[in-house]
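Okay, structure first, notes after.
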Amino acid sequence: MTSSLSDTPSQPSPTAARPEAGGPRSNELWGGRFARGPAEIMERINASIGFDRRLWSQDIAGSQAHARMLAAQGIIPAADADAIVAGLEQVAAEIREGRFTFSTALEDIHMNVEARLKELIGEPAGRLHTARSRNDQVATDFKLWVRDALDRLDGDLRALQAALIDRAEEYAGTVMPGFTHLQTAQPVTFGHHLLAYVEMLGRDRGRVRDARVRLNECPLGSAALAGTPYPIDRAMTAAALGFDRPTANSLDAVSDRDFALEYLSAGAICGVHLSRLAEEIVLWCTSQFRFIRLTDAFTTGSSIMPQKRNPDAAELVRGKAGRVIGSLNALLVMMKGLPLAYSKDMQEDKEPVFEAEETLSLCLAAMTGMVRDLTADPAAMRRAVEAGFPTATDLADWLVRRLGMPFREAHHVTGRIVKAAEERGCGLSDLPLEALQAVEPRITADIFPVLSVEASVASRTSPGGTAPDLVRRAAQAARERFL
């Protein structure tokens, strides 16, 4: 909904205060306590409308729920509540259509909306702020926005999981090297590798959903920090806004930003997962690997080297993860020294969250596009998996199963056989039987079927293993769990 907002808020005169009738000039926001308007630099550092106008729909929804509750409780006349609700609908229409003028002098989205409401309906607008403060108002607005952001993040993660599952099924039997320390370790399938990221993203979605549950308590009605003497119905406003319940402590309600920290924490971990997959895509696209190919849709060229096809989308996802992590750090550092309840520092809570949300949304969309765009090269994967003695562990396991050898001894025997193959410049399956028996005389020709990469992959039938049939079943199970 934010896309309909004008890009540049209006910049009113720094002296936005106006004279009170029959008295000295006073600040329009703060009333008679302040005799003068703010300095220009104070207005600039104090204003948040440049970024918190993203909260306009949440602010209007919260104000409408609050007005209806005030009328239901007999705190304001029903006619005034009706006028407030209708006036706020008009404000919302103006913002959606780009006809609303945002004022820096009015500081934030709350005062901008309320000032326009007063212009539209007059005196009843002054009753809207009864029994609330901007402290509980902004906490409510921000929670509503983060709740929506969590839902969007869950949907974006689901879309990437769907793409990965589709490709995992397609490449369930495509053999590739599995790595540890970026060295060839054991054969796996490309489908099995892709499903590992499905599991990572599943944990990301679990964190998102957990955060949403904890978030879903309504601060509205906590007022500035101590509650209010008016006979409000906090359960009514909580239900109207889709919260499970009101918050239990007014001090905590207005000072809590755990929900923003949890959003950023889940987002930072997700960013790490995306960065790891991006790094692998970058490696797989190199001429040294050639495991996959991306089309022109997700690559760029070089201004000087015409042969280049650069996986820039993956590199940017890898780089942007740092920005999400930085947003989390920024908010943690800002919150760590704040006493209860509200401090103006907390105005700095929104920009890191807004930036992280934009970054995550873009990165997830780009990664989903890359996964659907890539084409694997099974022949290149096969050539790579045959290098580096990937079936050495299978040989050691054969020695344990067939000869009853303790695994540690089998490990040493296999190491000597690998050395013999290195000296001959061949793979384990290319060693003649007599070379194997020179290391361990009890080895028979039955060893050779075990040394193929297909046999190695097919043998990994333990739950969660890489055997192609297991990968196909795992992909279907993941589809049922996550999609």
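Give ILE269, ILE281 a once-over and let me know the one that is crowded, with 21+ Cβ neighbours inside 10 Å and assigned by the TED database to the domain that holds ARG167. Before you say what the answer is, go through the steps one by one.
Numbers: ILE269 fails: crowded, with 21+ Cβ neighbours inside 10 Å.
The conditions single out ILE281.
One line per residue, one yes/no per condition, for (1) touching an Asp or Glu at 6+ places or on another chain (Cβ under 9 Å); (2) not assigned by the TED database to the domain that holds GLN64:
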position	(1), (2)
PHE100	yes, no
SER103	no, no
ALA115	yes, no
ILE121	yes, no
PHE142	yes, yes
VAL146	yes, yes
Of the candidates ALA341, ALA330, the one satisfying the condition of being of a type in the set (Gly, Ala, Ser) and at pLDDT 95 or above is ALA330
Scanning the stretch 204-229 for residues that are without any contact (Cβ under 8 Å) to a residue 60 or more places away in the chain and under 18 Å from the mean Cα position of the chain (by Cα), the one least open to solvent (accessible area, probe 1.4 Å) turns out to be VAL208
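Please indicate, with yes or no, whether at least one residue in the stretch 370-377 is touching a Phe, Trp or Tyr at 6+ places or on another chain (Cβ under 7 Å) and within 30 Å of LEU261 (Cβ to Cβ). Write out each step before concluding.
Restricting attention to the stretch 370-377, the residues satisfying the condition of being touching a Phe, Trp or Tyr at 6+ places or on another chain (Cβ under 7 Å) are 370, 373, 376-377.
Restricting the remaining residues to those that are within 30 Å of LEU261 (Cβ to Cβ) gives 370.
Yes: the stretch 370-377 contains one or more residues that are touching a Phe, Trp or Tyr at 6+ places or on another chain (Cβ under 7 Å) and within 30 Å of LEU261 (Cβ to Cβ).
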The residue from ILE304, ILE232 that alone is touching a residue at least 60 places away in the same chain (Cβ under 8 Å) and part of a loop (DSSP other than H, G, I, E, B) is ILE232
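Are there helices (runs of 4 or more DSSP H) fully within the stretch 29-128 with at least 2 residues that are at pLDDT 95 or above and either among the polar types (S, T, N, Q) or open to solvent by 70 Å² or more (accessible area, probe 1.4 Å) (or both)? List them.
Details: elements: 40-46, 49-52, 56-72, 78-96, 109-121.
Correct list: 56-72, 78-96, 109-121.
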**Asked** Any residue at all in the stretch 309-320 that is open to solvent by less than 30 Å² (accessible area, probe 1.4 Å) and of a type in the set (Val, Ile, Thr)?
**Response** yes
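Residues of the stretch 332-379 being in contact with a strand residue (DSSP E or B) (Cβ under 7 Å, 6 or more places away or on another chain) and under 16 Å from ALA313 (Cβ atoms), which ones?
Going through the stretch 332-379, the residues in contact with a strand residue (DSSP E or B) (Cβ under 7 Å, 6 or more places away or on another chain) turn out to be 374-377.
Result: LEU374, THR375.
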For this session: For the stretch 172-195, state whether one or more residues are assigned to a helix (DSSP H, G or I) and surrounded by fewer than 19 Cβ atoms within 10 Å (Cβ to Cβ).
Result: no
When (1) in a helix (DSSP H, G or I); (2) charged (D, E, K, R); (3) touching a residue at least 60 places away in the same chain (Cβ under 8 Å) are applied to GLU279, the one that fails is (3)
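The values are calculated or read from the model by the stated rules, or taken from the named source; none is laboratory data. Since the structure is predicted, the reported quantities are computational estimates derived from the model, not experimental observations. Positions of Cβ are generated from backbone atoms using ideal geometry, with glycine treated the same way; all protein chains shown enter the neighbour counts. Please note that ligands, DNA and RNA were not included when accessible areas were found on the heavy atoms of the full protein model with its side chains. Shrake-Rupley method; radii C 1.70, N 1.55, O 1.52, S 1.80 Å.
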